[in-house]
């Protein structure tokens, strides 16, 4: 009676869930989209297809619990299958709050949890009215489907929001915030509500993409405690099961606000693989299988993760693996993805005594891997000349 | 140009090599014997068969390097393939010393390294002569093929050695030793000789089977240093590539002697997965691929591994996973093997401040998993009664 988990999606999260499943001997089956390689490269049992009702039902029939590596599943489909008696975690309510930012903002605000001042608008007049209330600039967001900075516009006038307004759909608008920093809290939660919370991390963004995560966040104790408490409160509010990532804004005027939530393992927790007593991936598996959760403490005083972003013209990062490993004690994770420019193809984690030292090494290694070039071939008999 | 490693053997070592390969994105292909499940459960690319010359050659053609999860490969076959230009690591010389204890004893002694007093005998007269020299009892060993205490006899007279003597083959005989403790040292070594050495561990045996490993070994500094130096010297002497495990005897009269060597990741290093900066499995992969080796230091002051041995009548250990995880911060590894009585079906690692506390918890969790019983089914309407 080996425990079996079905994972919808074959990306790097499914890949790292498989890595975590090997220890406790949890069986993994992945429903992957044709062309996905990250998880299919390392998981023997793959079902190929998109996560429609029939595919999902067949997956659910073969496993003890179905969970998700991405948000591309219709919560209604999940609700229908749950009604049929299948076990899918997180459940439909959590998935709605994780995919529909308007629903999430309203729900958290109704529970008294701090979110940016927001509104729903469909046209320029609505945006003008909202801006008259909170002042320009205003953040304009697609309620669903955006990631890594896509689907977000910072508008100093209705003009700047012409593109999203032209879509004619409901938009989430939020007060423009003067940010001091961004934090993230990971919570793992079992079906009956048992939780563990990971040390608060600081996330560093560039062009809307997370480039680095530092653990623990170097912030005053009361802020760290408030962030952890907020993460736990959000997890309860959305009835999370599994890992819930809560991204937080700290504003220049000292407010702590919920930015986004993700109802799955998250980039901000990748460093937990080496840095924490139990990784986010293992605790996600334990939580969705309703097994006791593991401790989350840091094994060293500090840890830094740098994402490997493919540079223009880069090739297989494995050609640079020796160079990256030679830099020092780095933990390299490569996802098997084709290195298209700007694409997140891996990450590097460094543990150490201070975030500063760890950050420098992690960034160097990530840059080496992201800029990988084919090994130069020198024709026989040709001497290398100084360039 | 993803790096690819072929592993001969589909047991738990191949399984844990796959776990270590997922991070750096190293591709794994396993040559498994029909019926093996540990690695085939978690590796997509499996070739089924025994490691004869043709199977091995086909595997070697598809990967960058072939390595081994067990000793069941003929060193001559490996030598022939190496002559053809294929890359197999460790190479034939190392494999001979790891599989033929007589050859190993002679080689290490010739290099001035400390081994028990030994001889080669084929009959009772030879055994009598050897015992007359070193005194009874005498350890009688099959030069190859034994493991976990099999193939070893402690003889107080030729009578006690009747079984091995009746085989009519060359036997390794050794002085009977009064042991104070057993240690083990793991070395990872690259083709050109770069090495890293892991902290010396103490191994605890019961009925010839390793039941527990403690890191670091609680021994005087000079003994720990001597053990590490001996491990490194043995690795050089046998031209190891990859991980070499050197099991050591400490005798009651204070001698440090080589017991056995294994030219692969080893049970004594399983705790390195969580306890060390780089696991033995990752460093084995790095070494055989000739990549820079990772640091080996302990992340916490102490770590203990307890093997999960299946008890009589036990069932799938997963039925006890919740109970084991509820005991405390344990790292559970289950190999997917059928729980035949006495069989090693997994291990549990606990990190902590002291070996004593970690040992108690690891042993409790291992016992729970090894004694797993089917979940009791209670007929509907029947109340549980106090037993």
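Here is the figure for the range B:207-237: residues that are touching a residue at least 60 places away in the same chain (Cβ under 8 Å) and farther than 29 Å from residue B:191 by Cα total 7. Residue under question is residue B:183, and the condition is that it be over 17 Å from the mean Cα position of the chain (by Cα) and under 24 Å from residue B:71 (Cα atoms); does it hold? The answer is no for residue B:183. Candidates are the residues of the range A:308-324 that are facing another protein chain (nearest Cβ under 9 Å) and over 23 Å from residue A:351 (Cα atoms); the one that is surrounded by the most Cβ atoms within 10 Å (Cβ to Cβ) is A:316. For the range B:259-271, the count of residues that are at pLDDT 95 or above, at negative phi and at the interface with another protein chain (Cβ under 9 Å from one of its Cβ atoms) is zero.
Residue-wise test of (1) more than 8 Å from every other protein chain (Cβ to nearest Cβ); (2) in contact with a strand residue (DSSP E or B) (Cβ under 7 Å, 6 or more places away or on another chain); (3) surrounded by fewer than 23 Cβ atoms within 10 Å (Cβ to Cβ); (4) under 16 Å from residue B:331 (Cβ atoms).
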residue: A:281; (1), (2), (3), (4): yes, no, no, yes
residue: A:294; (1), (2), (3), (4): no, no, yes, yes
residue: A:306; (1), (2), (3), (4): yes, yes, no, no
residue: A:326; (1), (2), (3), (4): no, no, yes, no
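Those strands (runs of 3 or more DSSP E) of the range A:192-247 in which at least 2 residues are under 19 Å from residue A:305 (Cβ atoms) and at pLDDT below 95, considering only elements entirely within it, cover A:201-206, A:209-215. Take the conditions in contact with a strand residue (DSSP E or B) (Cβ under 6 Å, 6 or more places away or on another chain) and either surrounded by 24 or more Cβ atoms within 10 Å (Cβ to Cβ) or in a strand (DSSP E or B) (or both) and apply them to residue B:188. Does it pass? Yes; evaluated as a whole, the condition is true for this residue. One residue alone among A:23, A:52 is more than 30 Å from residue A:162 (Cα to Cα), touching a residue at least 12 places away in the same chain (Cβ under 8 Å) and crowded, with 21+ Cβ neighbours inside 10 Å, and that residue is A:23.
State yes or no: is residue A:332 without any contact (Cβ under 8 Å) to a residue 60 or more places away in the chain, in a strand (DSSP E or B) and either over 24 Å from residue A:39 (Cβ atoms) or more than 8 Å from every other protein chain (Cβ to nearest Cβ) (or both)? No: the conditions fail for residue A:332.
The values are calculated or read from the model by the stated rules, or taken from the named source; none is laboratory data. From a predicted model like this one, the values you see are computed outputs, not experimental measurements. Please note: Cβ atoms are built from the backbone with ideal geometry, for glycine as well, and neighbour counts cover all protein chains shown.
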